[in-house]
Every structure is written in structure tokens, then in C-alpha cells.
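Notes to accompany the following structure.
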Protein chains: 2
Amino acid sequence: MDVKTVCLGMLTDGPASGYDMKKCFESSFGHFFPAGYGSIYPALATLARNGLVEFEEVPQEGKPDRKVYTITEKGREELMKGLSNTSPTHKVRSEFLAMMCFAHLMSAEQIDEVIDNKLLELDAFLKLFDDIPTGQCQSMPNGARFVAGFGQFVASSLKTYIEEHRGMLTESDEEKIRAAAGR
Amino acid sequence: MDVKTVCLGMLTDGPASGYDMKKCFESSFGHFFPAGYGSIYPALATLARNGLVEFEEVPQEGKPDRKVYTITEKGREELMKGLSNTSPTHKVRSEFLAMMCFAHLMSAEQIDEVIDNKLLELDAFLKLFDDIPTGQCQSMPNGARFVAGFGQFVASSLKTYIEEHRGMLTESDEEKIRAAAGR
DNA sequence: ATGCATAGTATCAGTTTGATATATAAAAAC
DNA sequence: GTTTTTATATATCAAACTGATACTATGCAT
């Protein structure tokens, strides 16, 4: 399951251009499956070369032409193959956690700034969910609701953990012993 | 913060070979910052070329030679630069969530198998933490304890969410309406 | 005997990342 | 009133990463 498969999946919802798909990655998919122009355009080129999508060039006045892609029957079959993997991955790549492993090499001020920024980031992310009205939510496909709920739940879990345990990152050895004894 | 920086960080704990570092990625770092030979060896080669690490070839009987790397003063400075970024990333790339977005294109059996596998995977991951005795835990650096706790907390949160919400992935439209009404 | 695990090095094709280039128009900022 | 930013749309590139594979040699298990 790579960017190509996700593009095919997006096209089952109707024709779209590479630019449209980038928007879609930015607003939703990108939160758990990031992709930029550098992967989207090559993916569409490969899909077209293999006959999994077709495109039509649509001229526009005052704006660049659009290449509007449509999924083919062969593309639908390929998508089904992509969805038949019963052990899809779920990977994390976190500079944040790697950095925290080396917290003992950092100053308390540095650590606090990193933590504060991460909490702000999480708040900004959680705010996105406030805008989704319940009415619209019910019209969303089941899968999308599951995934949105997942994101919200995980983000608020992260926030809770960080808030409750940030203290241990900056506490001295003596404090550490005291904390362990008081437990 | 790339693989090079993490390698430098590992070397602050003492000299190590590329093979040793691969072990370290597999057992701990890899859970939140994956790296294989394909990134470790080129990283070490670049670090050596730039004088951030030095290495010594250690012959062994019956086994291939080891290249044992040591961090240099210049390497320590570079590491500090790497740790000075106050907004480190935390990215997720999830075939699992992407796939669940297209759950409406899948059969209930397919979805159930994917979910069951993901829950088994989470259980296997959570089991890793049972082996860490509390005594050893207290001797770990603060940062490592924070990160380990983070992983455990997030994994059990994921598990809870999936268990409690998997129903909505396979429920029919009528069930969906009934569930919404009963809420 | 044959396959697999461990110890160790390294490379390679295919992908992805993040930035950048190109072009025009409209909206916003100063 | 001019400059800057944002939006529309395409595409490419170096650097990095992924996942698999290759090579060598010992030992253990089936």
C-alpha cells in the first residue's frame, strides 16, 4: 500500500487532479499518510502508464490547465488487490521521541521548550475536530468516522501522557529517588 | 534529526559497530524511529567522512571483522546542534488507517481479519513491557523511561479505541441510523 | 544433509521527502 | 498604490530512507 493505492482509492470518489489530491492529503489523509507533490505526480504518471487511471487535459482561462484523472476498471482491480493485505502497517517516525531519549544531554530549558511546542501542536490538531458538526459526521462513511475518531483519541491520549509525565524529564536524580520512594 | 544524529546519540553511550546499532534500533529506537542497514551503514560512512566519528577495525576469529565506531568532539558538537531543534516532528504513516478509510469497499470478513491482526500486534508489543523489571526501570535514564512509558500508554490507548469502535466499521446503514438514534 | 539463526559487512532499485521552479491572477497588507 | 502573499496548477531534483538481497562463516536443530 503506497501513495499509488491511496490515489486510486481517492479516485473511487470521483475524478480529480493531482492538485485536488494534494489538498485531500493536506486536509485529511496527510495526518496519517503524508504525501507531497514529489510523490503524488510520479504516482499518477506511473498509474497512467500502467492503464490504472486515465486523464483528460482541461484548459482553464487565467489558470494552468488541469489534468483530471479517472480510475479505470483495471485500476479498481488493482485497488482491491491493495486492500487485500490483512496486515497493513502502522509506523511512527518521531524525532520527538528520539530526542527525548537523549534528554540527559539537554538543558531543562531546552526540554521545556520542546514539550511546550508539542503540546501547542496537539492543541491545534485537536481543534480541527471542533469544526466537524455532528450532522456532517453522520453522513461520513463509517471508515472515515472511525479514522477521524482514532486521530482525535490518540492525540488527546498523547497530550494527557505528556502533561502527566513531563516532570520526569527534568527532575534531578535526587528527585527521582524521592519520587520512586513516594510511590 | 536523521539517522546520523540518532547514531551519534547512541555513540555517547560508548563505542559500537553498525551491527550493534542495528540491534539497538530493533530492540528500542526502531519502535518510534525505524532504520535498517540501508540507512545505518551509509550514515556511518558519511559521519566518518566528515570526522564526526572515528572507527577501528577489530579482527575476530571465525567471524567477520567489526568496525567499531567512536564519537569525536566534533561529533558531540554536531549532536548538540541536532538536539537544539525545538520543534521535532512526530509522524505517523499508517497503511492501516488509510485502508480503514476505504472500509466501504471491503467485505466485513476482510475488515475483521485486519482488525484482529492489528489487535494481536498490539498485544505482542504490550507484552514487551512485562519483561522490564521495576528495578531495572529505575536505573534507566529519565528520557528512556519517559519514551518507554509513552509507547506503552499509546499502544494501550490504540487497543482500547479499536476494541470499542470496531463495530462501526462493519455496521450496515440501518444499524448506523439506529446507533445514532440510541445515542 | 538441509535449513535456519547469529554475527558481520555492504549495496541497490524503488520510494519518499522537502524544497524549488514556472506561470498567472486575485486578494491582502503596508 | 504598490508590494507581498495566497491560490491555482503543473513538474522536477538531490538527499534520504525502505526493504530486500548478497557475501562469508560458524553453529545448532530437524
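The values are calculated or read from the model by the stated rules, or taken from the named source; none is laboratory data. Since the model is a prediction, treat every value here as computed from it, not as a measurement. Because the Cβ atoms are built from the backbone with ideal geometry, glycine has one as well, and the counts that use them run over all protein chains shown. Please note that ligands, DNA and RNA were not included when accessible areas were found on the heavy atoms of the full protein model with its side chains. Shrake-Rupley method; radii C 1.70, N 1.55, O 1.52, S 1.80 Å.
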Any hit, the stretch A:77-90, residues being touching a strand residue (DSSP E or B) at 6+ places or on another chain (Cβ under 6 Å) and of a type in the set (A, V, I, L, M, F, W, C): no
Test result for residue A:91, part of a strand (DSSP E or B) and within 14 Å of chain B (Cβ to nearest Cβ): yes
Extreme residue, farthest from residue A:96 (Cα to Cα), among residues of the stretch B:1-25 that are surrounded by fewer than 16 Cβ atoms within 10 Å (Cβ to Cβ) and within 15 Å of the chain's Cα centre (by Cα): B:23
Residue in the stretch A:116-137 that is touching a Ser or Thr at 6+ places or on another chain (Cβ under 6 Å), without any contact (Cβ under 8 Å) to a residue 24 or more places away in the chain, open to solvent by 30 Å² or more (accessible area, probe 1.4 Å) and not hydroxyl-bearing (Ser, Thr, Tyr) present: yes
Subset of the stretch A:15-55 that is within 14 Å of chain B (Cβ to nearest Cβ) and not in a helix (DSSP H, G or I) - its residue that is nearest to DNA strand D (Cβ to nearest atom): A:36
Identity of the residue in the stretch A:56-84, more than 28 Å from residue B:109 (Cβ to Cβ) and among the polar types (S, T, N, Q), that ends up nearest to DNA strand D (Cβ to nearest atom): A:60
Among the residues listed as B:28, B:39, the single one being among the polar types (S, T, N, Q), modelled with pLDDT of 95 or more and outside the structural domain of residue B:152 (by TED's automatic domain parsing): B:39
The stretch A:68-79, residues that are under 27 Å from the mean Cα position of the chain (by Cα) and away from DNA strand C (no atom under 14 Å from the Cβ): A:68, A:69, A:70, A:71, A:72, A:75, A:76, A:77, A:79
Single condition residue B:56 does not satisfy, out of (1) in contact (Cβ under 8 Å) with a residue 12 or more places away in the chain; (2) open to solvent by 80 Å² or more (accessible area, probe 1.4 Å); (3) in the same structural domain as residue B:158 (by TED's automatic domain parsing): (3)
Selected residue [within 10 Å of DNA strand C (Cβ to nearest atom) and of a type in the set (Gly, Ala, Ser)] from B:82, B:36, B:14: B:36
Residue match in the stretch A:67-74 (condition: in a helix (DSSP H, G or I) and over 30 Å from residue B:125 (Cβ atoms)): yes
Condition met for residue A:81 (closer than 22 Å to residue B:97 by Cα and part of a strand (DSSP E or B)): no
